[in-house]
Amino acid sequence: MATPLRFMRGSGRDGRPSMLDVWMTTAHVLARRSTCPRARVGAVLCTPTWELVATGYNGAPSGQAHCDDVGCLEVDGGCARGAHAEVNALLQAAKRGAAVGGSMLVVTHRPCLRCAVALASAGVTRAWWAATTGPGYSQAEAVDRVFVGAGITGSLAAYAAVPPVEAL
């Protein structure tokens, strides 16, 4: 896997954040909408030119009970009530008819094996994650094999959180 990097950094002349910084900050905001206390994860799918395709966060399907309200649905040591952020982003794109082949993923946590398979099947080509712990790390070797087999470049993102705009 690739080493951590700063990708598409601003020129420094204008002080603007890179698009990786913007989308990673967005993913962290989305993670706050997660409805499963076991993992608060946010994801952004974008085009290679950084245009938004879709977003997602961990949670139960629309209209169904949330783990935060009724508890997790424990199956084989994990919660089976909701979909992961990466899959929810892919499903949101599908609901809207947006193409995801060739897209890039920016996500708060390293994808787990099931998400890696879904991303590979959907044709995602690049993934960045911020967290250095979580389920994706216990499955890192298998995730790496899926990514390499699918031609997905994945790496830990070195990014700068975008601070809120100060009131004028």
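Worth pointing out:
- Candidates 141, 74, 51, ranked by Gaussian network fluctuation over the chain, Cα under 10 Å, top entry: 74
- For the chain, the relative contact order is 24 percent, taking Cα pairs closer than 8 Å that sit 6 or more residues apart in sequence and dividing their mean separation by the residue count.
- Axis of helix 113-122 versus longest Cα principal axis of the chain: the two differ by about 60°, to the nearest ten degrees.
- For the stretch 35-168, the antiparallel share of DSSP beta bridges with both residues in that region comes to about 60%.
- Helical contribution to [θ] at 222 nm, DSSP H n ≥ 4, -39,500 (n - 2.57), averaged over the chain, rounded to 500: -9000 deg cm²/dmol
- Free-standing Cys, the chain [no other Cys Cβ under 4.7 Å]: 46, 112, 115
- Under 5 Å between amide hydrogens, built in the peptide plane, is the criterion, and for residue 154 it picks out 2, 127 among residues at least 5 positions away or on other chains.
- 3J(HN,Hα) from dihedral phi, the stretch 52-66, Karplus parametrisation 6.51/-1.76/1.60, rounded to Hz, x for glycine, proline: 5, 10, 6, 10, x, 8, 5, x, 6, x, 3, x, 9, 4, 9
- The calculated FRET efficiency for residue 80 paired with residue 117, based on their beta-carbon distance and R0 = 22 Å, is about 0.85.
- Computed from Cα atoms, the angle from the helix 19-31 axis to the main principal axis of the chain rounds to 30 degrees.
- Computed from the C-beta positions of residue 98 and residue 33, the FRET efficiency with R₀ = 22 Å rounds to 0.65.
- Computed from the C-beta positions of residue 72 and residue 140, the FRET efficiency with R₀ = 35 Å rounds to 0.90.
- Dipole magnitude of the chain, debye to nearest 20 (Cβ charges: Lys/Arg +1, Asp/Glu -1, about Cα centre): 240 debye
- Cα extents of the chain along the three principal axes, largest first (Å): 51, 45, 33
- Degrees between helix 140-150 axis and first principal axis of the chain (Cα, 0 to 90, nearest 10): 70 degrees
- Ligands, DNA and RNA are left out, and with a 1.4 angstrom probe the accessible area of the chain is 54 Å² per residue.
- Gaussian network model of the chain, Cα within-10 Å springs - most flexible of 49, 35, 153: 49
The values are calculated or read from the model by the stated rules, or taken from the named source; none is laboratory data. From a predicted model like this one, the values you see are computed outputs, not experimental measurements. For neighbour counting, all protein chains shown are included, and Cβ atoms are generated from backbone atoms with ideal geometry for every residue, glycine included. The accessibility values were calculated without ligands, DNA or RNA, using every heavy atom of the protein model including side chains. Shrake-Rupley method; radii C 1.70, N 1.55, O 1.52, S 1.80 Å.
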